[in-house]
Amino acid sequence: MCPNLTLIMLLTLLGLSLSQQCTWTDESGYTYNLKSLDKDGGWQLKDETSGMGMFSMVYIFNFCDFKPIKCHDRQVGAIEALAVMGQITENCDVAGLVETQTFEHLDERDINKGIVVKYTQGDLCMDPKQPTGVMQPRQAHFFIECGDDDSTFTVLPDNECIDQFKIRHHVGCRNASSHWFLKFLFIICLYFGGRFLYNRKKLQIEGEEAIPHIHLIKTLIPQARAIFHFGVDRLQTQVQRFRHGGYDSI
């Protein structure tokens with residue numbers, strides 16, 4: 001029984017860790033899950049307004065799985081690439097980094113309208129609004145309106161160094177399923193609480209031995225502690241690389 005339970009717990013933790021990469025919990029406690037908006041191989045959206053004949057600009061991006069989104073051998077959140085006769089070339093600009101992914105409501109006065117996903121700190125771009133010679137990093141903004149699913153994104157008019165896109169999709173809607181994590185915690189607490197009371201009242205087990213799976217929990221605590229410290233070390237390393245890299249590393 002214990003090996004099966006261990007496997008279930010590990011798979012559950014793995015599933016939770018992966019899903020956290022595509023979710024956002026707002027200040028009211030609602031959790032938006034972008035997994036169903038993620039696309040195998042990433043989104044590839046041609047800019048129909050570029051009008052350059054055999055040449056065209058293609059935006060490539062994703063929301064959870066960023067492995068296919070690369071520019072200059074660097075994994076990023078969104079890129080703008082040049083396509084020649086429909087073939088995407090290696091000529092690209094970074095529109096935003098994975099680690100800068102942020103979320104906000106589409107309209108803070110009506111949070112039911114949808115959400116906005118942003119990527120920032122992309123390659124440097126000349127902004128005509130700025131004094132000559134002043135450059136700023138590119139950004140990519142995705143406006144996700146609550147509604148029936150559109151088949152693809154729409155490219156919005158260029159806003160200087162900010163690439164903007166819009167789609168109507170159910171992931172931008174608020175619904176009861178957004179409380180899945182709270183429901184999961186409730187089920188776990190209900191299970192352990194019920195087993196604890198059963199062990200105390202029915203089986204007459206005293207002390208910590210009445211806690212369900214206490215021996216397994218004791219063996220997992222050191223492993224969980226080691227994983228936690230490993231994650232903290234990795235995060236600190238990434239922060240240091242980001243701070244010292246600056247825009248010159250892009």
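Taken over segment 183-212, residues that are in contact with a helix residue (DSSP H, G or I) (Cβ under 7 Å, 6 or more places away or on another chain), outside any loop (DSSP other than H, G, I, E, B) and open to solvent by less than 70 Å² (accessible area, probe 1.4 Å) amount to 3. Look at segment 36-48: where a residue is in a loop (DSSP other than H, G, I, E, B) and a partner is open to solvent by 30 Å² or more (accessible area, probe 1.4 Å), sitting 6+ places away or on another chain with Cβ atoms under 6 Å, you get Asp38/Asp65; Gly41/Pro68; Gly42/Pro68; Asp47/Met57; Asp47/Val155. Of the numbered criteria (1) more than 20 Å from Arg168 (Cα to Cα); (2) among the charged types (D, E, K, R); (3) without any contact (Cβ under 8 Å) to a residue 24 or more places away in the chain; (4) in contact with a helix residue (DSSP H, G or I) (Cβ under 7 Å, 6 or more places away or on another chain), the one Asp149 fails is (1). Checked against (1) open to solvent by 50 Å² or more (accessible area, probe 1.4 Å); (2) in a loop (DSSP other than H, G, I, E, B); (3) at pLDDT 90 or above, Phe66 passes all but a single condition, namely (1). Looking at Arg225, is it open to solvent by 100 Å² or more (accessible area, probe 1.4 Å) and at pLDDT below 85? So Arg225 does not fit the description; no.
Exactly one residue among Phe103, Phe142 is at pLDDT 95 or above and either assigned to a loop (DSSP other than H, G, I, E, B) or open to solvent by less than 30 Å² (accessible area, probe 1.4 Å) (or both), and that residue is Phe142.
The values are calculated or read from the model by the stated rules, or taken from the named source; none is laboratory data. Since this is a predicted model, take the numbers as computed values, not measurements. Reconstructed Cβ throughout: ideal geometry from the backbone, glycine too, with neighbour counts over all protein chains shown. Side chains are part of the model used for accessible areas, which takes the heavy atoms of the whole protein and leaves out ligands, DNA and RNA. Shrake-Rupley method; radii C 1.70, N 1.55, O 1.52, S 1.80 Å.
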